[in-house]
Amino acid sequence: MAANDLIKVEGTELILEASGALLTDGAFAQADNDTVAPADNPGYPLQDFEFQGAWVNASGINDGELRLYSRKINFEGTSDAPAPSATYPRDLVGSFFPDAVTTTQNLVLEGVPRSLREEEFWLENATGQTLSAAWTLKAYPVTHRPAAA
């Protein structure tokens, strides 16, 4: 690597969900083990998300997606934005696109801007199939810097 080439630097991993419950098609679930707060890894303006999980049935999954939403929380103390739902699908961060298999999949969503407010994350299963229990979601704060000479 040449001097001043831009390299990616990851901060400390945040486990947003360590073992999620079964999630039927069309349902929403909060990743409720942790949140991402401005004090977590300050100086990292972006974050990457890693999802790991498996589906009960693989039929038709290629036509669907697993949507990731952000919910801003703790405004003025304890006030929160509305939680994402079928009638309030707001603050979409991005989507994971699973393959049509029932084996465990590792999916990545990179380069998502971090909020200046504390946020929690929600998944919407729009794959057409049920997501098995024990899925995980992690966030990695990210920044970039020049390589050393």
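For residue 90, neighbours were defined as the other residues whose beta-carbon sits under 15 Å from its Cβ, and their charges (Lys and Arg +1, Asp and Glu -1) total -1. Computed over neighbours whose Cβ is under 12 Å from that of residue 13, the net charge equals -4, Lys and Arg +1, Asp and Glu -1.
Could you give the longest part of the chain that holds none of the trypsin sites (Lys or Arg not before Pro) found in DSSP loops with at most 16 neighbouring Cβ atoms within 10 Å? Free of exposed loop sites, the longest segment is 1-89. Arranged from fewest to most other beta-carbon atoms within 10 Å of their beta carbon, 73, 15, 61 become 15, 73, 61. Here's how it looks for residue 118: its modeled amide H is under 5 Å from those of 73, which are all 5 or more places away or on a different chain.
Residues in region 137-144 carry Karplus couplings, in order, of 9, 10, 10, 10, x, 9, 9, 10 Hz; the curve used is 6.51 cos²θ - 1.76 cosθ + 1.60 with θ = phi - 60°, and Gly or Pro positions show x. Listed by Cβ neighbour count within 10 Å, with the fewest neighbours leading, 88, 140 appear as 88, 140. Split the chain at each of the GluC sites (Glu not before Pro) in a DSSP loop with at most 15 other beta carbon atoms within 10 Å, and the longest piece is 77-149. The slack in the chain from residue 117 to residue 99, taken as 0.36 nm per residue of separation less the alpha-carbon distance, amounts to 3.2 nm.
Computed over neighbours whose Cβ is under 15 Å from that of residue 99, the net charge equals -2, Lys and Arg +1, Asp and Glu -1.
Assuming a ≥ b ≥ c are the square roots of the Cα gyration tensor eigenvalues, decide whether the chain counts as rounded (a/c under 1.5), prolate (otherwise, with a/b larger than b/c) or oblate. Oblate is the answer for the chain, as a/c is 1.5 or above yet b/c matches or exceeds a/b.
A short reminder: the numbers here are calculations on the coordinates, not readings from a lab. Predicted model, so just to flag it, every value in this text is computed and none were measured. Positions of Cβ are generated from backbone atoms using ideal geometry, with glycine treated the same way; all protein chains shown enter the neighbour counts.
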